[in-house]
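Colleague: One structure follows; several queries about it will come next.
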Amino acid sequence: MALIRVRILPRSISATMTNPLPLARLLSRAEAVLERFEATLAAPLKEPDWTAAIAFRWRKSSGRGWLQAVPHPHPIRLADLNNIDDQKARITLNTRQFVSGRPANNVLLTGARGSGKSSLVKAVLNEFSGRGLRLIEVDKDHLIDLPDIVDLLDGRPERFLIFCDDLSFEAGETSYKALKSVLDGSIAAPPDNLLIYATSNRRHLMPEYFSENLESKRVDDEIHPGEVSEEKISLSERFGLWISFYPFSQDDYLNIVNHWLRHFGVSEKIIAGSERDALNWALGRGSRSGRVAWQFARDVAGRQKSDGKKVR
């Protein structure tokens, strides 16, 4: 006599087989889970409306990056930047070559804080935006996305500046490697419609330690830097044009103060009597920079208006 085995299914499974409602509910929950999972995946980059602005900012959230239009970029002009004539001439010439389709270099602007490095890049954008120049600001933490940004810009008719402001790297950071590749280290040639303009207080962008000098070697009476030093120098060397900025003299600082006071509509009588206050303002901040001069002028103009007095 053959042995017959009977398998008793659990109530939940048997109910699912006889009642389609729980199965439909299960499928609905599975679809919801898949939708949430798909939301975590990186979506293909979408091109922004290039006609919406002349400046864009790379934004990132939940692993997704996109270009956000900046509808009101800083309106500073080249004429507003005083006492940096040589720096203005060099970056203007390089940018003019770039928008004209001629060879041009990536630019590293280094030196004293508040001396006009960032303002000069913004002024260059305003100067050449009518000739197709566009600017994309990329934060240091997002440099890893540079290859994706480059792919997005390749083939566009506009000329793009990738702007990295106040750029520097600490020990252990590796995001600079993406920057090195885009500058001059990838197997793919960089697009001819793209340059990188970066500002920094450091010439070599990375901290330098005394102990690294111990790695230097002497060969035939020549000093050869160690591997760590070579690695740090190699990043800044990928910028073809270095533009240095220096602290302003007292006269330079006062000239900039007077320029911004006139810009804000302050009368010549008040300007003539503001010299001592301007110097004290700089002394309190430990810097005679263009930024400090601009802040002082805003303070003077603002206080006059808040007192109900006419600026002129």
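Every number here is computed from the coordinates shown, using simple stated rules; none is lab data. Just so it is clear, the model here is predicted, and its values are computed rather than measured. Quick reminder, even Gly has a Cβ in these numbers, built from the backbone with ideal geometry, and neighbours come from all protein chains shown.
Colleague: Using the Cα centre of region 250-306 as the reference point, and only Cβ charges (+1 on K/R, -1 on D/E), how large is the resulting charge dipole? Debye, rounded to the nearest 20.
Modeller: It works out to roughly 240 debye.
Colleague: Mind checking region 123-157 for trypsin sites (Lys or Arg not before Pro) that DSSP puts in a loop (not H, G, I, E or B) and that have at most 14 other Cβ atoms within 10 Å?
Modeller: For trypsin sites (Lys or Arg not before Pro) across region 123-157 that sit outside H, G, I, E and B with at most 14 neighbouring Cβ atoms in 10 Å, the list is empty.
Colleague: Another question, then. Need one number: nm distance between label points at TRP50 and GLN250, each 7 Å from Cα along Cα→Cβ, rounded to one decimal.
Modeller: The modelled label-to-label distance comes out at 5.2 nm.
Colleague: Sticking with this one: Is there a pair in LYS140/LYS180; LYS117/LYS177; LYS117/LYS269; LYS122/LYS269 whose C-alpha atoms are over 20 Å apart, and which pairs would that be?
Modeller: Table pairs above 20 Å Cα-Cα are LYS117/LYS177; LYS117/LYS269; LYS122/LYS269.
Colleague: At R0 = 51 Å, how high is the FRET efficiency between ARG276 and HIS72 if r is their beta carbon distance? Nearest 0.05 is fine.
Modeller: 0.90
Colleague: Continuing with the same structure: Quick one: Cα centre-to-centre distance for region 71-105 and region 250-302, in angstrom?
Modeller: Answer, in whole Å: 25.
Colleague: Another one. Expressed as cubic angstrom per residue, what is the convex hull volume of the alpha carbon set of region 250-306?
Modeller: 68 Å³
Colleague: Could you give me the percent of Cα pairs per 10 Å distance bin for region 84-193, shortest bin first, beginning at zero and ending with the bin that holds the maximum distance?
Modeller: Reading upward from the zero bin: 12, 44, 36, 7, 0.
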